[in-house]
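Q: Before anything else, here's the structure in question.
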Amino acid sequence: MSAHNRARFLSLVVFSVLAFGVSCSGSASQEIPNRICGTLIDPALTRPLVAPVNGWHEYDRVDRAEAITAPCLVLSDRNVVIRFRFSWDEGPANLMYLAEDTGSVSGVAAPQGIPSRYKTIVGTDGAISTTPCKTKGGDYFTLTLQLPQIKLTDQTHRKDIEKFMRAYFPATVKTLGCRDAKR
């Protein structure tokens, strides 16, 4: 091979590697933030529930100061990957009723109670937790987590959902300014 052809070959190899590197970095998934819907959370707990993530953004209607029931949606591209429902009520929530009988608002497939500091149920595609929390919006706070991209029959995420909720729910409660909350 002549020196000229070697130079052209090397240029082609370098160009190919650079082009491949650019195309790979362009398709790589985005890092998961450590704050989701206003609550700090270790991204390692979130990743098994939503990976891969591209174009992460939130649609957050939650106003903790006003304590009015509202959603917070996390989207990857245009698909909802996490759906939260922050809810304040005067009385305690019946979590099984919420999970089984309210359709898309708080529905969770195959709910089961778990031993926890907070009243919590975990399903195959989400979880619901509640605790006394006296705020402007009521005496109890309930958080629903729904993961619409997980198939209802997929049992493999239940432990990941439980780990996430065990960390996310108490961290969220700390952000609410509960008064006289009993646990």
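Quick note: the coordinates plus some simple rules give every number you see, no bench work behind them. Here the structure is a predicted model, which means the values were calculated and not measured. Glycine gets a Cβ as well: all are built from the backbone with ideal geometry, and neighbour counts include every protein chain shown.
Q: Search the structure for amide H atoms under 5 Å from the amide H of C133, placed 1.01 Å from N in the peptide plane, and list their residues when 5 or more places away or on another chain.
A: Those lying under 5 Å, H to H, from C133 are Y140, F141.
Q: Next up: Cut-off under 17 Å on the C-alpha distance; same-chain residues fewer than 8 positions from K134 excluded. Which aspartates and glutamates are left, in chain and number order?
A: List returned: D63, E66, D89, E90, D180.
Q: Exactly which GluC sites (Glu not before Pro) in the range 56-134 are in a DSSP loop and have at most 15 other Cβ atoms within 10 Å?
A: Passing sites in the range 56-134 are E66, E90.
Q: Then there is this: On a C-alpha basis, how far is the centre of the range 136-157 from the centre of the range 47-99 in Å? Whole number, if you could?
A: Between the Cα centres of the range 136-157 and the range 47-99 lies a distance of 8 Å.
Q: Which lysines have a Cα less than 22 Å from the Cα of K163, not counting those fewer than 8 places away in the same chain?
A: List returned: K119, K151, K174.
Q: Let me ask another. Could you work out the relative contact order of the range 31-174? I mean the mean sequence separation of Cα pairs under 8 Å and 6+ apart, divided by the number of residues, in percent.
A: 23
Q: At E90 and A167, where each label point lies 7 Å from the Cα along Cα→Cβ, what is the point-to-point distance in nanometres?
A: Those two pseudo-labels are separated by 3.8 nm.
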